[in-house]
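As structure tokens, the structure follows; a few thoughts come after it.
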Amino acid sequence: MKRRSFVKTSLLTTAAGAVIPKISIAAETFKTTGREFYELRTYILKDERQQKLVEDYFKDAAIPALNRLGNKNIGVFTELKPAGQTKLYVLIPYSSIDDFLNVQDKLANDSAYLEAGAPYLNAPATEPAYDRIESSLLRAFVHAPKLQAPAQKTRIFELRRYEHASESAGKKKLEMFNDAGEIDIFKRLGFKPVFFGETLIGELRPNLIYMITFDDMEAHDNHWKAFVADPEWKKISAIPDYADAKLVSHITSTLLSPVAFSQI
């Protein structure tokens, strides 16, 4: 072997040896933190036929199969005030990153799932089951590591996304939720938060997404009025480093209604 090739090969081997332990440590950290991961899907639909096909898929195939794999509290929602054909929002919790990475292989080996989901899974290109799927992978916040499913009764949900101008602004907003006590204010005021998640992969990053729930629109409006007037919130939001103008570049709020078979 020529000396130049030998040196190059040696350097690559050394570099690989340096990188692999770091990847293993990172993966191990995901396993041991106890924080859940969430897949948030948004189905873009053209008509009611597609809506029914996707809903039937989750009701008859996906949710039962995911439940068999240990994935609980799967939420399926329509828009409360759609502009035209509603989108479908689906929230799937995972106990670890491995669960998320392996779920498709496991579903592919589930004959009951494949049979029940066939109309959706095998929909022809001439009559697709949906237009597109937008999907994000989220990691639960440190101070809200597990999804909290509310009581099964008539209620509405609000899905909120906070976009940030930079990664550092996003980390500061996470600090505000976790360490400065913003999550605690939501809980104390009865917002009944379902989850808080940092978007690891998805559109419009950097951002964080969370879901809260209310009995009705009147309760929604009253809770937000109480939040804005809360002395603890005023104290936290008055800290210059936590000013919204520095940390949040855009907020998207989507009001949702659970479908009949939703587990949230």
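Details
- Here is the list for region 175-264: GluC sites (Glu not before Pro) lying in DSSP coil, each with at most 16 other C-beta atoms within 10 angstrom of its C-beta, are GLU203.
- Distance violations [Cα-Cα > 29 Å] among LYS146/LYS171; LYS72/LYS225; LYS72/LYS172; LYS59/LYS106: LYS72/LYS225; LYS72/LYS172
- Region 136-195, dipole about Cα centre (Lys/Arg Cβ +1, Asp/Glu Cβ -1), debye to the nearest 20: 300 debye
- Placing +1 on the Cβ of every Lys and Arg and -1 on the Cβ of every Asp and Glu, with nothing else charged, gives region 29-130 a dipole about its Cα centre of roughly 280 debye.
- Rounded, prolate or oblate (a/c below 1.5 giving rounded, otherwise prolate when a/b exceeds b/c) for region 172-264 by Cα gyration tensor: oblate
- Take the Cα of GLU48, go 7 Å toward its beta carbon, and the backbone nitrogen atoms of region 72-87 under 13 Å from that spot belong to 85-86.
- The length gained on full extension between ALA125 and SER111, counted as 0.36 nm times the residue separation minus their Cα-Cα distance, comes to 2.7 nm.
- Accessible area of region 108-264 divided out per residue, in Å², using a probe of 1.4 angstrom: 51 Å²
- In this simple spin-label model, placing a label point 7 Å from the Cα along the Cα-to-Cβ direction at both SER95 and ASN222 gives a separation of 3.9 nm.
- Protein-only accessible surface order, largest first, of PHE261, PHE227 at 1.4 Å: PHE261, PHE227
- Look at the dipole of region 118-262 built from charges on Cβ: of ASN222, ILE209, ALA238, the Cα furthest out on the positive end belongs to ALA238.
- Remark: accessible surface ordering of VAL54, VAL142 (largest first) is VAL142, VAL54, probe radius 1.4 Å.
- If you take the Cα centroid of region 53-68 and the Cα centroid of region 157-204, the two points sit 29 Å apart.
- Only one item in (1) 1.05; (2) 1.14; (3) 1.00 matches Rg/Rh (Cα atoms, Kirkwood Rh) derived from the coordinates shown, and that item is (1).
- Student exercise, region 160-222 dipole from Lys, Arg, Asp, Glu Cβ charges, in Debye to nearest 20: 200 debye
- Computed accessible area, ASP179, all protein chains, 1.4 angstrom probe, square angstrom: 110 Å²
- With all protein chains modelled, accessible area of HIS164 [1.4 Å, Å²]: 20 Å²
The values are calculated or read from the model by the stated rules, or taken from the named source; none is laboratory data. Quick caveat: nothing in here was measured; it's all calculated off a predicted structure. FYI the Cβ positions are ideal-geometry reconstructions off the backbone, even for glycines, and counts take in every protein chain you see. Accessible surface is based on the protein model in full, side chains and every heavy atom, while ligands, DNA and RNA are left aside. Shrake-Rupley method; radii C 1.70, N 1.55, O 1.52, S 1.80 Å.
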